[in-house]
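The values are calculated or read from the model by the stated rules, or taken from the named source; none is laboratory data. All values reported here derive from a predicted model rather than from experimental measurement. Here Cβ is always computed from backbone atoms with ideal geometry, including for glycine, and neighbour counts include all displayed protein chains. For the accessible areas, the whole protein counts, side chains as well, though only heavy atoms, and no ligand, DNA or RNA atoms are used. Shrake-Rupley method; radii C 1.70, N 1.55, O 1.52, S 1.80 Å.
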Amino acid sequence: YMFSCIVLVFSPGSLNVLLIVADDLRPSLGCFGDTVVKSPNIDQLASKSNVFHNAFVQQAVCAPSRTSFLTGRRPDTTRLYDFGSYWREHAGNYTTLPQHFKSSGYITMSVGKVFHPGIASNHSDDYPYSWSTPPYHPSSFEYEKKKVCKGKDGKLHANLLCPVDVSEMPEGTLPDMQSTEEAVRLLKSMKDESHPFFLAVGYHKPHIPFRYPQEFLKLYPLENMTLAPDPEIPKGMPTVAYNPWTDIRKREDVQALNVSFPYGPIPRDFQLQIRQSYFAAVSYLDTQAGQLLSALDDLGLANETIVVFTSDHGWSLGEHGEWAKYSNFDIALRVPLIIYVPGTTAPIPKPGDKTFPFLDPFQHTPDTASKGTVVREVVELVDLFSTVSELAGLTVPPPCPDHSFHVELCTEGFSLGGTFGSNELKTNAEAIAYSQYPRPADLPQHDSDLPLLRDIRVMGYSIRSCDYRYTEWVGFDPATFRAHFQDVHAGELYFVATDPNQDKNLYNITEYASVVQRFRSYLEK
């Protein structure tokens, strides 16, 4: 799909960029219509931004998604479907989004989880290619999966649900608090810098374990919590589509429930507690983002900095009887995407007025007056590279050819620049998003959520249009990275208007055969 061009008023490199990436955050935010979650600071950012209500990632797991949107290439081009390879060595020497800014004269900095750490980013977060200075990781993350959660027995456990007294934590802090402090320190160092900056801040929450300051539980009384609207496994769901949430099963408090594999279910009262803790972790994340944005404002940088807020993928909270990510449903693929451009998405404030004053979720009353500019057309995170480049006045990478392993700078996404500079609600009925997810077999296995490359036998290719979610599960050869579209293992088709939760599979219904054929033709291209 393409968007109309606009002429941006900024000279090349005149605007800074602050990229905020949450981990496992679905659009459970007030600005996306969630009436339960308290997220006043992100909502405030949204009120002055373009808010993309139908933004989808290319694979619902951390490393493949982050590598995809930071290179502007899809997983079949990065050849990363697990955590086990570095694209520069395994696929091609692709220029990244921060590297593009770095080569354009920006000082580029990384705080927290931006690239997925480890092999997937060469154990260096792609430094020095992408970053001007060595990336920062919070020291207290070392304790994230340790026995630091106080149980009902008074002992310490490695639990899924882990509200804590921060003063009792190792180092007396939490990873996202440290990341905010470091990001603010870097912003202060940039205040009088002659070069523009690109600062990426990756927060760890609401990724499991749900370790967050315990006071945030008060925002979500358990008696107010409800189950997912569709907590049962749909009858028409193919077995290959199901993810058995093995990661949360490893936590001590979940192990104590003796939940059967692969379908469970988790007991109702514990489901409510998981939802409560997820929402509490989101509000904790909101305060960290709020402190960061308030600091940007206090330093006089908000009027000259593009702010992008997004997540690497969503997270199931009991929908379809599933938990975590690892699937091709909207609940795992849809993410918040909020982009603020000073003077374009919101007017420059009068001297003395604040753009992003900090809002305390314990005291703030939600303001429903402004939702920002709502963009309803389907977009993809692979579009970010081109979009941020255009908004900052940099050269927009050219479209990739069909085979681009040898091309260092190109993109498989499109710039969303045409959605800026107008207060109209945007829709493009032709726009579609492509995603995918691998499986080791048709039936749920212990490695179904995250199979190693060598064990992938089935690839689920998924298309999201404004009307439908279509997924086709086909044979896949990991040795050649080839999908065999004639070897169809299963299919799914959901009509979004009447089935927004994607519970009624229409794939084998005769009257939808032409729709199936149309989407299949898209995939085979």
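E524 contributes about 90 Å² of solvent-accessible surface, heavy atoms of the protein only, 1.4 Å probe. Using the Cβ of I119 as centre and a radius below 11 Å, the other residues enclosed give a net charge of -2, where K and R count +1 and D and E count -1.
Would you mind calculating the gained length between D477 and T133 on full extension (0.36 nm times residue separation, minus the Cα-Cα distance), in nm to one decimal?
Working: separation 344, 0.36 × 344 = 123.84 nm, distance 3.91 nm.
Separation in residues times 0.36 nm, less the Cα-Cα distance, equals 119.9 nm.
Please report the antiparallel percentage of DSSP beta bridges with both residues in the chain, rounded to the nearest 5. Don't jump to the answer; show the numbers that get you there.
Values: 37 of 68 bridges.
Bridges in the chain are about 55 percent antiparallel.
Annotation: peptides 39-46, 225-232, 398-405, ranked by per-residue average of other Cβ atoms within 10 Å with the highest first, follow the order 39-46, 225-232, 398-405.
In this structure the chain gives 38 Å² per residue of accessible area when probed at 1.4 Å with all protein chains present. Under the simplified labelling scheme, the E430-Q486 pair shows an inter-label distance of 3.2 nm, with each label point 7 Å from Cα along Cα→Cβ.
Kindly identify the chain as rounded, prolate or oblate by the Cα gyration tensor criterion: order the square roots of the eigenvalues as a ≥ b ≥ c, call it rounded if a/c is under 1.5, otherwise compare a/b with b/c, prolate if a/b is larger, else oblate.
Details: a/c = 1.41, a/b = 1.10, b/c = 1.28.
Since a/c stays below 1.5, the shape of the chain is classed as rounded.
Element breakdown for the chain at a 1.4 angstrom probe: carbon and sulfur atoms account for 52% of the accessible area. Residue pairs exceeding 21 angstrom between C-alpha atoms, taken from K38/K371; K150/K250; K155/K325; K102/K188; K191/K354; K113/K371: K155/K325; K113/K371.
The residue list P267, G290, V308 was ranked by how far each Cα lies along the charge dipole of the range 154-310 toward its positive end, using unit charges on Cβ atoms, and P267 comes out on top. Specify whether the C-alpha gyration tensor of the range 70-123 places it in the rounded, prolate or oblate class, a ≥ b ≥ c being the square roots of the eigenvalues: rounded for a/c under 1.5, otherwise prolate if a/b is larger than b/c and oblate if not. The shape class here is oblate.
Using a ≥ b ≥ c from the Cα gyration tensor of the range 403-525 (square roots of the eigenvalues), is it rounded, prolate or oblate, where a/c under 1.5 gives rounded and otherwise the larger of a/b and b/c decides, a/b for prolate? Each step should come with its number before you reach the end.
Details: a/c = 1.97, a/b = 1.21, b/c = 1.63.
Taking the square roots of the gyration eigenvalues as a ≥ b ≥ c, the range 403-525 is oblate.
Sorted largest first by accessible area at a 1.4 angstrom probe radius, with every protein chain in place, the residues S179, S103 fall in the order S103, S179. Put simply, the amide H of D24, placed in the peptide plane, has neighbours under 5 Å in D312, H313, leaving out anything fewer than 5 places away on its chain. Averaging Cα coordinates gives a centre for the range 14-65 and one for the range 179-251; these two points are 11 Å apart. Could you list the residues of the range 45-85 with an amide nitrogen less than 13 Å from a label point located 7 Å from the Cα of F405 in the Cα-to-C-beta direction? Counting backbone N atoms under 13 Å from the label point, the list is 76-80. Amide H contacts of I107 (H built 1.01 Å from N, in plane; Pro and chain starts excluded): F197, F198 sit under 5 Å, all sequence-distant by 5 or more or on other chains.
Sequence-distant contacts, meaning Cα pairs under 8 Å at least 6 residues apart, place the relative contact order of the chain at 24 percent.
A simple rule links phi to the HN-Hα coupling: the Karplus curve 6.51 cos²θ - 1.76 cosθ + 1.60 with θ = phi - 60°, which for the range 439-445 gives 9, x, 6, 6, 9, x, 10 Hz, with x for Gly and Pro. Couplings for the range 238-251, taken from phi via the Karplus curve 6.51 cos²θ - 1.76 cosθ + 1.60 with θ = phi - 60°, read x, 4, 5, 7, 7, 10, x, 6, 5, 5, 6, 5, 7, 6 Hz in order; Gly and Pro are left as x.
Quick check on packing: order 202-209, 249-256 by the mean number of other C-beta atoms within 10 Å, highest mean leading.
Details: 202-209: 24.4, 249-256: 17.1.
Output ranking for 202-209, 249-256: 202-209, 249-256.
Evaluating 6.51 cos²θ - 1.76 cosθ + 1.60 at θ = phi - 60° for every residue in the range 380-389, the Karplus couplings come out as 10, 5, 5, 7, 4, 3, 5, 5, 5, 4 Hz, glycine and proline recorded as x.
Amide H contacts for A346 (H built 1.01 Å from N in the peptide plane; partners 5 or more residues away or on another chain; cut-off under 5 Å): V341. With 0.36 nm allotted per residue and the present C-alpha distance subtracted, the K354-Q517 stretch has 53.4 nm of extension available.
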